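Structure record follows, encoded as C-alpha cells.
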C-alpha cells in the first residue's frame, strides 16, 4: 500500500499515521525523519541537504524529490509506505508523480483528514504539557488531575494566533493538493472529527 497523508495541523494525523503503518506493515516516512536519516547516513543527497540546512536555506524541491526516491527505494518500503509532510505544494506533487512513474511506482491513494478550522483551534489551544513527566492533556477533553493542574504549560506555538497562522499557511500552500489528487482519482476524504477509533475505522473503509 503506497499512500500519501495530508491534512491540517492538529487534525490527528500523527495518531492515525501510527495506526495505518501498523495495519499495513509499511514505514511511516515523514519529511523531517527522512532528512535527518539521510544526513546521518551521509548519503550524497543527505550531504547536500545538510549543507543547505546549515546555511539556513530551504531544501529545494528537486533535492526533496531525490530524497523521497532514495527512501522509498529501501528494502522496508518495498511493500509500500506512508508519506507524510511531502508533497506540500502542487508543483512538488506534480514532480513526485513524474519521479514515481519513472521508477514504475504508483500511489494507491491519497488520504486527506478533514477537520474544520474552529475545531482544530479548540484542539490545539486547549493542549497542555506536564513539564515534569511530559504527559499531554487537554483542558476540555482530557483535563490534568488536580495535583498536576498547577504546573502544566502551553507550548508557544499552541496559541490561537500561532495556530491560525499555521492553518492559513496550510490552506494557501497545501490544500490545493486536494483537487490535484482528486483529478488523478487518488483522493480519499476522511472525516477527522470524533473518537480516534472511529476515525481509524473511516480510514480503513476508505482504503477498502
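The values are calculated or read from the model by the stated rules, or taken from the named source; none is laboratory data. Every value quoted in this text rests on a predicted model; they were computed, and no experiment measured them. A quick note on method: Cβ atoms are made from the backbone with ideal geometry, for glycine too, and the neighbour counts reach across all protein chains shown.
Looking at 152, 199, which one is within 18 Å of the chain's Cα centre (by Cα) and at pLDDT 95 or above? Outline the logic, then answer.
Working: 152 fails: within 18 Å of the chain's Cα centre (by Cα).
When all the criteria are applied, what remains is 199.
Pairs are defined by a Cβ separation below 6 Å, a sequence spacing of at least 6 or placement on different chains, a first member in the stretch 151-164 that is more than 11 Å from residue 127 (Cα to Cα), and a second member that is part of a strand (DSSP E or B); no pair meets this definition. It is to be established whether one or more residues within the stretch 117-135 are within 30 Å of residue 74 (Cβ to Cβ), buried (at least 16 other Cβ atoms within 10 Å of the Cβ) and in contact with a helix residue (DSSP H, G or I) (Cβ under 8 Å, 6 or more places away or on another chain). No, there is no match, as no residue in the stretch 117-135 is within 30 Å of residue 74 (Cβ to Cβ), buried (at least 16 other Cβ atoms within 10 Å of the Cβ) and in contact with a helix residue (DSSP H, G or I) (Cβ under 8 Å, 6 or more places away or on another chain). Restricting attention to the stretch 1-19, the residues being within 20 Å of residue 170 (Cβ to Cβ) and in contact with a helix residue (DSSP H, G or I) (Cβ under 8 Å, 6 or more places away or on another chain) number 12.
Looking only at the stretch 163-180, filter to residues that are touching a helix residue (DSSP H, G or I) at 6+ places or on another chain (Cβ under 7 Å) and part of a helix (DSSP H, G or I); which one of those is nearest to residue 84 (Cα to Cα)? So that I can check it myself, show each step before the final result.
Step one: list which residues in the stretch 163-180 are touching a helix residue (DSSP H, G or I) at 6+ places or on another chain (Cβ under 7 Å), which gives 163-164, 167, 176-177, 180.
So of that shortlist, the ones also part of a helix (DSSP H, G or I) come out as 163-164, 167, 177, 180.
On the way: 163: 20, 164: 21, 167: 17, 177: 13, 180: 17 Å.
It comes out as 177.
Taking the condition under 19 Å from residue 196 (Cα atoms) and in contact with a strand residue (DSSP E or B) (Cβ under 8 Å, 6 or more places away or on another chain), does residue 82 pass? Spelling it out, residue 82 is indeed under 19 Å from residue 196 (Cα atoms) and in contact with a strand residue (DSSP E or B) (Cβ under 8 Å, 6 or more places away or on another chain). Given the structure, is residue 36 assigned to a helix (DSSP H, G or I), without any contact (Cβ under 8 Å) to a residue 12 or more places away in the chain and within 28 Å of residue 113 (Cβ to Cβ)? The answer is yes for residue 36.
A search for C-beta distances below 7 Å between a residue of the stretch 73-90 that is more than 12 Å from residue 5 (Cβ to Cβ) and any residue that is in a loop (DSSP other than H, G, I, E, B), counting only pairs 6+ apart in sequence or on different chains, returns 76/27; 77/27; 79/25; 79/26; 80/1; 80/26; 90/176. If you go through the stretch 177-188 and keep only what is surrounded by 14 or more Cβ atoms within 10 Å (Cβ to Cβ) and either over 29 Å from residue 95 (Cα atoms) or in contact (Cβ under 8 Å) with a residue 24 or more places away in the chain (or both), you end up with 177, 178, 180, 181, 186, 187, 188. Among the residues of the stretch 1-19, the ones that are more than 11 Å from the chain's Cα centre (by Cα) and under 13 Å from residue 110 (Cα atoms) come to 3 in all.
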